[in-house]
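Colleague: This is the structure, below, for whatever I ask next.
The values are calculated or read from the model by the stated rules, or taken from the named source; none is laboratory data. Bear in mind the structure is a predicted one, so any value in this text is a computation, not a measurement. Here the Cβ positions follow ideal geometry from the backbone for every residue, glycine too, while neighbour counts run over all protein chains shown.
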Amino acid sequence: MSRVAQSWYSERVQREVQVVRWGETGVPVIWFPTAGGDAEEVERCLMVDALAPLLEAGRLKLYSLDSVPGQVWLTGGNRPPFATAIQSAFDAFVVEELIPAVHADCGGRELEVMVSGASIGAYNALATICRHPDLVSTAICLSGTYDLSKFLEGDMDEDWYLSSPLHFVPNLPEGHEHLNRLRERFILLAHGAGRWEDPEESWRVADCLGARAVPNRVDEWGQEWDHDWPTWREMLPQYLHALLPS
């Protein structure tokens, strides 16, 4: 299984961002780390090992990047407009820099990507597909924290609103191309019922998406599955095995 790491300075987020890729062929899947995680967190926490059969079978190319906004929030920079501008800039980085880099790495083909993540990474996966359904086909969201008010302090501004699917999706105009394209996508919301999990987070998003006829599914695992990496290492390989082309 190949591994390629690179980093570059992004004017959009005003810092160096690392991106790591595992695998050589297959569907590109972008993994968003947990709140303070970096691009290699997914490897240190053994998710790459759990996905090894799919990577070695050539069904999957896995990309991960630094959690830029989460790293800002956890160091105390969690008030608008600074924190919300960082979140908006991170979205622009993903769309304008990361996804084109993925396309180039896949031979220049502008393939639709899949996105996934756990905890705040699940929020980033959800936000990416809801904001850019023209670029992303599927989101696999694990144990998600989807309401940014848990992390951000202060009044909602425009960057916060546009970064929050719970707020902007209900107001997408009926008949608009954006909503029509989002209705062609699929969002999977999975969570455990054990320690540190909040199942209501998933159901709140499902209600929001369902009210706009956006395809989604909530999977609740049992009480033995905590908000932690052992749960996510079980979940993601199963879902990717079912959703990736064979």
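Colleague: Residues A89, A83: which one is at pLDDT 95 or above and on the phi < 0 side of the Ramachandran plot? Steps first, please.
Modeller: Details: A83 fails: at pLDDT 95 or above.
From the options A89, A83, the qualifying one is A89.
Colleague: Considering only the range 146-183, how many residues are under 18 Å from N216 (Cβ atoms) and of a type in the set (K, R)?
Modeller: Here the count works out to 2.
Colleague: Report, ordered by the first and then the second residue, all pairs with beta carbons closer than 9 Å, sequence separation of six or more or different chains, a first member in the range 227-246 that is surrounded by fewer than 18 Cβ atoms within 10 Å (Cβ to Cβ), and a second member that is among the basic types (K, R).
Modeller: D228/R195; H241/R59; L244/R59; P245/R59; S246/R59
Colleague: Return the pairs, sorted by first residue and then second, in which the second residue is in a loop (DSSP other than H, G, I, E, B) and surrounded by fewer than 16 Cβ atoms within 10 Å (Cβ to Cβ), the first residue lies in the range 154-179 and is charged (D, E, K, R) and at pLDDT 95 or above, the beta carbons are less than 7 Å apart, and the residues are 6+ apart or on different chains.
Modeller: Close Cβ pairs (under 7 Å, with a partner that is in a loop (DSSP other than H, G, I, E, B) and surrounded by fewer than 16 Cβ atoms within 10 Å (Cβ to Cβ)) amount to D157/P81; D159/P81.
Colleague: While we're on this one: Whether any residue in the range 184-191 is within 16 Å of V218 (Cα to Cα) and of a type in the set (V, I, T) is what I want to check.
Modeller: Yes, the range 184-191 contains a residue that is within 16 Å of V218 (Cα to Cα) and of a type in the set (V, I, T).
Colleague: Just to be sure I understand, how many residues within the range 61-78 are modelled with pLDDT under 95 and among the polar types (S, T, N, Q)?
Modeller: 3
Colleague: Any idea which residue in the range 129-144 is surrounded by the fewest Cβ atoms within 10 Å (Cβ to Cβ), counting only those that are of a type in the set (S, T, N, Q) and in contact (Cβ under 8 Å) with a residue 60 or more places away in the chain?
Modeller: In this case the residue turns out to be T138.
Colleague: Another question, if that's okay. Of all residues in the range 136-151, which are touching a helix residue (DSSP H, G or I) at 6+ places or on another chain (Cβ under 6 Å) and of a type in the set (A, V, I, L, M, F, W, C)?
Modeller: V136, A139, I140, C141, L142, F151
Colleague: Also: Which of the residues belonging to the range 228-242 are over 16 Å from the mean Cα position of the chain (by Cα) and not β-branched (V, I, T)?
Modeller: Result: D228, P230, E234, Q238, H241, A242.
Colleague: Moving on. Could you tell me which residue of the range 95-127 is surrounded by the most Cβ atoms within 10 Å (Cβ to Cβ), considering only residues that are touching a helix residue (DSSP H, G or I) at 6+ places or on another chain (Cβ under 7 Å) and free of Cβ contacts under 8 Å to residues at least 40 places away in the same chain?
Modeller: A127
Colleague: Take the conditions farther than 17 Å from A139 by Cα, out of contact with any Cys (no Cβ under 8 Å at 6 or more places or on another chain) and buried (at least 21 other Cβ atoms within 10 Å of the Cβ) and apply them to A39. Does it pass?
Modeller: Taking the combined requirement at face value, the residue satisfies it.
Colleague: Can you tell me which residue in the range 42-68 is farthest from the chain's Cα centre (by Cα), limited to those that are among the charged types (D, E, K, R) and surrounded by fewer than 21 Cβ atoms within 10 Å (Cβ to Cβ)?
Modeller: E56
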